[in-house]
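Scroll down for the structure; my scribbles are underneath it.
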Amino acid sequence: MDAHLVRRFCEEAEHLLLHARLEKIQSVQQEMFSFLFYTSLGKQQLCLKPGKQGSFLFLTSHPLSLGLPPSAWVMRLRKYFQGHRVASIVANPFERKIYMLFEGAPKEEKEDAKLTWLLLDLREGPALLSLPAQETPKKETVLWPTKDELNDACTMWRSWPVLTPKLRKTLSVLDPLEGMTIINDLRYGGGPIYLYRDARTATIKGISAWPLPRELRGSLLEETNDEALDLLEQAGQQYVFEPVLQKEAQEEALEKNKQRRKLDRLARRLEEEESRLKEMCAVREKALLIQSRLWNLDKTAKLGSLTLTDADHMQQTILLDPKHTVLENMQQLFHTAERGKRGLV
């Protein structure tokens with residue numbers, strides 16, 4: 001998130017968050033933190049997605065309910081800040097840091113002379129900052145290049161925090177007069193925010209604190225609004241919420257696939273078991289055939305097989321266990337068929 005957008009966010013959100021009560025802190029998918037405030041406009045969720053790249057910060061009146069079980073770190077943040085009102089805000093947008101002091105928040109143990117601040121760092125995420133009362137965070141001092149300094153400033157950009165990577169890219173395709181117009185507009189603040197959408201899908205492709213030149217925006221459709229929080233919320237919903245929801249959907253789909261595979265394995269095992277039990281039931285016919293011919297057989301003989309003629313005058317060879325008599329083999333076949341029948345039920 002470009003520092004100039006962070007600055008616009010701070011300018012518009014500060015009056016809303018000052019004296020607001022922090023009701024809930026949660027982490028979402030281990031990549032985003034949300035802070036639910038009760039403000040003069042009702043509940044507002046401040047969403048922070050930190051990172052050296054892809055960071056984003058916005059407010060939304062449509063809170064995201066998804067959240068992870070609170071980690072020890074989130075519980076620690078809750079201990080110090082949840083349920084308390086914001087007493088002071090110090091915004092340093094070009095450092096990508098916002099400091100918040102809360103009324104009645106507990107102090108660090110053994111540090112009675114120190115105040116505990118909540119630091120929202122767009123690079124590293126939220127943090128606790130314990131400072132002596134006389135050493136409150138200071139607002140950053142920002143220098144803006146003049147027209148004569150602009151060329152050298154773009155070369156020695158590390159000394160000019162206002163020349164963010166996105167702004168330098170814009171200045172590189174503009175003449176100095178146009179570049180200074182943008183710099184002066186940014187310096188004095190206010191003005192519209194610019195949102196860029198894909199002309200075919202209406203997907204948000206970018207958001208900027210200044211109008212992007214044609215060379216950079218290409219065929220993207222430009223949308224402007226003086227209410228920075230509104231456009232930041234729209235972009236945040238897509239940049240932050242949608243990936244979270246998609247990840248939830250993917251995890252749900254993976255779990256469903258896992259369950260489906262488990263059920264498929266179970267179904268295959270049931271089919272195999274059913275086939276085995278039906279084979280057990282089928283030996284009843286062999287037992288009945290032996291029973292019908294038993295009067296003409298030596299019941300006590302121990303044979304490896306019997307060849308008998310069935311009711312259709314077809315000869316059948318029935319394998320027997322030579323360790324047992326013909327009668328015992330017949331009884332065992334009946335027993336096996338009954339087991340198969342019970343198993344099918």
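Please enumerate the residues belonging to the stretch 7-39 that are assigned to a loop (DSSP other than H, G, I, E, B) and modelled with pLDDT of 90 or more. Walk me through how you get there before you give the answer.
At the first step, the residues of the stretch 7-39 found to be assigned to a loop (DSSP other than H, G, I, E, B) are 18-20, 29-31.
LEU18, HIS19, ALA20 - these are the residues of the stretch 7-39 that are assigned to a loop (DSSP other than H, G, I, E, B) and modelled with pLDDT of 90 or more.
Search the stretch 20-38 for residues being in contact with a helix residue (DSSP H, G or I) (Cβ under 9 Å, 6 or more places away or on another chain) and under 20 Å from VAL6 (Cα atoms), and hand back the single one that is most open to solvent (accessible area, probe 1.4 Å). Before the answer, list the steps.
Taking the stretch 20-38 first, the residues in contact with a helix residue (DSSP H, G or I) (Cβ under 9 Å, 6 or more places away or on another chain) are 22, 24-29, 31-33, 35, 37.
Among the residues that remain, those that are also under 20 Å from VAL6 (Cα atoms) are: 31-33, 35, 37.
Details: GLU31: 66, MET32: 3, PHE33: 39, PHE35: 1, PHE37: 2 Å².
Selected residue: GLU31.
Using the structure shown, decide if LEU57 is assigned to a strand (DSSP E or B) and crowded, with 21+ Cβ neighbours inside 10 Å.
Values: assigned to a strand (DSSP E or B): yes; crowded, with 21+ Cβ neighbours inside 10 Å: yes.
The answer is yes for LEU57.
Here is a list: VAL162, VAL240. Which entry is of a type in the set (Val, Ile, Thr) and more than 18 Å from LYS49 (Cβ to Cβ)?
Values: VAL240 fails: more than 18 Å from LYS49 (Cβ to Cβ).
Within the list VAL162, VAL240, the selection yields VAL162.
Can you report the number of residues in the stretch 133-163 which are among the aliphatic types (A, V, I, L, M) and open to solvent by 100 Å² or more (accessible area, probe 1.4 Å)?
Residues that pass the stated criteria total 2.
Only residues that are among the β-branched types (Val, Ile, Thr), at pLDDT below 90 and surrounded by 15 or more Cβ atoms within 10 Å (Cβ to Cβ): list them for the stretch 178-237, please. It would help to see each step written out before you state the result.
Narrowing the stretch 178-237 to residues among the β-branched types (Val, Ile, Thr): 181-183, 193, 201, 203-204, 207, 224.
This time we only want the ones that are at pLDDT below 90, so: 201, 203-204.
Answer for the stretch 178-237, where residues must be among the β-branched types (Val, Ile, Thr), at pLDDT below 90 and surrounded by 15 or more Cβ atoms within 10 Å (Cβ to Cβ): just ILE204.
Right, HIS4: closer than 27 Å to TRP210 by Cα, open to solvent by less than 10 Å² (accessible area, probe 1.4 Å), in a helix (DSSP H, G or I) and not acidic (Asp, Glu) or not?
On the way: closer than 27 Å to TRP210 by Cα: yes; open to solvent by less than 10 Å² (accessible area, probe 1.4 Å): yes; in a helix (DSSP H, G or I): yes; not acidic (Asp, Glu): yes.
Yes: the conditions hold for HIS4.
For the subset of the stretch 312-330 comprising residues that are touching a helix residue (DSSP H, G or I) at 6+ places or on another chain (Cβ under 8 Å) and of a type outside the set (D, E, K, R), which member is nearest to GLU279 (Cα to Cα)?
Here is the first cut: in the stretch 312-330, the residues touching a helix residue (DSSP H, G or I) at 6+ places or on another chain (Cβ under 8 Å) are 316, 318, 320-321, 324, 326-327, 329-330.
In the following step, the residues that additionally are of a type outside the set (D, E, K, R) were identified as 316, 318, 320, 324, 326-327, 329-330.
Details: GLN316: 17, ILE318: 14, LEU320: 16, HIS324: 22, VAL326: 21, LEU327: 21, ASN329: 17, MET330: 16 Å.
Of everything passing the filter in the stretch 312-330, ILE318 is nearest to GLU279 (Cα to Cα).
Does PRO161 qualify as being farther than 25 Å from GLU12 by Cα and touching a helix residue (DSSP H, G or I) at 6+ places or on another chain (Cβ under 8 Å)?
On the way: farther than 25 Å from GLU12 by Cα: no; touching a helix residue (DSSP H, G or I) at 6+ places or on another chain (Cβ under 8 Å): yes.
Judged against the criteria, PRO161 is not a match.
Sort out which residues of the stretch 106-128 are out of contact with any Lys or Arg (no Cβ under 9 Å at 6 or more places or on another chain) and modelled with pLDDT under 90, and write them in order of number.
Across the stretch 106-128, the qualifying residues are GLU109, LYS110, GLU111, ASP112.
The values are calculated or read from the model by the stated rules, or taken from the named source; none is laboratory data. Note that this is a predicted model, so its numbers are computed, not measured. Cβ: placed from backbone, ideal geometry, glycine included. Neighbour counts: every protein chain shown. Each accessible area value is taken on the protein alone, full model and side chains, heavy atoms only, with ligands, DNA and RNA left out. Shrake-Rupley method; radii C 1.70, N 1.55, O 1.52, S 1.80 Å.
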